[in-house]
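The values are calculated or read from the model by the stated rules, or taken from the named source; none is laboratory data. Note that the structure is a prediction, hence the values are computed from the model and not measured. Cβ placement follows ideal geometry from the backbone for every residue including glycine, while neighbour counts extend to all protein chains displayed. Accessible surface areas use protein heavy atoms only, side chains included; no ligands, DNA or RNA. Shrake-Rupley method; radii C 1.70, N 1.55, O 1.52, S 1.80 Å.
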Amino acid sequence: CRVNLMKLIAMYVKLIQLKMKMRPMDTELKTRMSPPLGLYTIANLLRDEHTVVVHNANIEDIVYDTPDVVGIMVSLDVLPAAIEIAKRFRAQGVLVVLAGVLEKRMGDIPAAWSVTMLVSAGLLLLMALYHAFILPRPSEDRSAATVRNASDVAREFGAAFSSFFRKKGVWLAITFMLLYRLPEAFSVKMLFPFFKDPVEDGGLGLSTDTFGLVYGTFGVIALLAGGILGGLAAARSGLKRYIWPMALSLALPCSVYLFMSIFQPSNIWVVGSCVVFDQFGYGFGFSAYMLYMMHFSEGPLKTSHYAICTAFMALSMMLPGLVAGYLQEALGYVGFFILVMLCCLATFFVTFFVRRRLP
């Protein structure tokens with residue numbers, strides 16, 4: 001009876017992003033960069049039926065009022081603070097859900113977590129069984145049964161790295177992996193501040209739930225659609241034919257942020273259309289990136305080589321992100337997005353040379 005009543009009564013839900021731990025190299029701008037979208041996705045799912053407030057502890061003190069449900073986004077570095085905050089809310093008789101919002105459909109929280117974990121385990125088991133039958137078994141795969149001790153493991157590990165850097169065209173491939181996504185690597189770190197900052201500061205002044213709806217919902221759908229279409233196109237006609245359309249699709253839609261920084265539209269349909277256009281183009285263009293990594297990893301130790309490629313993929317986003325905030329502070333949003341558009345030249349440069357080497 002209690003569960004059914006909760007479904008019918010509108011609740012006051014508070015979602016909390018805890019204050020970040022600052023490292024020596026960090027500035028205060030880190031607290032304004034894009035946080036995980038989990039809280040905003042949850043807020044958007046609940047907004048029609050419940051009152052939802054997203055609280056950022058980086059910019060304001062936590063108010064210990066009496067919401068019906070509190071969700072705290074938790075990572076390892078802020079876990080002690082999360083526990084203390086949870087204790088204070090629990091002392092007020094409030095249900096606190098750590099690591100996201102676990103909807104209260106049962107009167108027993110441990111039992112609810114148990115059901116969630118069992119369902120997750122069941123889904124993983126089903127996916128494992130599916131892939132056990134569906135994944136191909138190439139003839140070049142071989143057993144690692146000959147690796148018997150630590151020295152053998154170290155030798156195999158070293159062989160994977162050394163053979164990767166001996167591959168033909170490795171430095172061009174690394175350059176491609178580092179520069180192909182340069183416009184997106186710069187812009188993505190500053191999108192949350194740009195959407196949230198007041199209009200007088202050069203931003204769009206969107207509310208948290210609007211940001212979650214535009215970027216975290218429709219943007220993600222467009223991203224997935226673009227990625228699927230890109231994969232189908234490349235499978236049909238080959239990467240060499242589509243790498244230029246994909247490069248243009250990835251880079252040029254970043255111009256929508258320059259447009260929005262200049263005109264600062266307040267119409268949600270205009271903002272949403274710009275985001276959908278950019279994310280669809282990014283999804284389509286990113287397909288070339290993934291397919292090229294698969295192409296370059298072909299040969300012996302392909303799995304290890306692909307893993308190394310993904311490390312460069314992560315590095316390509318991390319390095320520009322380290323300086324994106326400083327550049328935005330120095331240039332303003334309009335100047336920053338002009339710089340992002342100039343970075344498109346790097347995408348076109350590496351695409352030109354990589355395409356010549358594709359079969």
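Scanning for something under 18 Å from the mean Cα position of the chain (by Cα), under 22 Å from Thr347 (Cα atoms) and not small (Gly, Ala, Ser), does the stretch 287-304 turn up at least one residue? Looking through the stretch 287-304, at least one residue is under 18 Å from the mean Cα position of the chain (by Cα), under 22 Å from Thr347 (Cα atoms) and not small (Gly, Ala, Ser).
Scanning the stretch 317-341 for residues that are open to solvent by less than 50 Å² (accessible area, probe 1.4 Å) and among the hydroxyl-bearing types (Ser, Thr, Tyr) yields a count of 1.
Kindly evaluate Val199 against the criterion of being under 30 Å from Val354 (Cα atoms), of a type in the set (A, V, I, L, M, F, W, C) and open to solvent by 40 Å² or more (accessible area, probe 1.4 Å). So Val199 fails the test. Sort out which residues of the stretch 135-183 are at pLDDT 90 or above, open to solvent by less than 40 Å² (accessible area, probe 1.4 Å) and more than 17 Å from Ser297 (Cβ to Cβ), and write them in order of number. Those that are at pLDDT 90 or above, open to solvent by less than 40 Å² (accessible area, probe 1.4 Å) and more than 17 Å from Ser297 (Cβ to Cβ): Arg181, Leu182, Pro183.
One residue stands out in the stretch 254-271 among those that are modelled with pLDDT under 90 and assigned to a helix (DSSP H, G or I): the one that is least open to solvent (accessible area, probe 1.4 Å), namely Cys254. Screening Glu298 on (1) acidic (Asp, Glu); (2) touching a residue at least 24 places away in the same chain (Cβ under 8 Å); (3) more than 18 Å from Ser249 (Cβ to Cβ) shows it passes everything except condition (2).
Counting only residues that are open to solvent by 50 Å² or more (accessible area, probe 1.4 Å) and on the phi < 0 side of the Ramachandran plot, how many does the stretch 292-316 have? Step through it out loud before you land on a result.
Restricting attention to the stretch 292-316, the residues satisfying the condition of being open to solvent by 50 Å² or more (accessible area, probe 1.4 Å) are 294-295, 298, 300-303, 306-307, 311, 314-315.
Keeping just the survivors that are on the phi < 0 side of the Ramachandran plot gives 294-295, 298, 300, 302-303, 306-307, 311, 314-315.
Residues that pass the stated criteria total 11.
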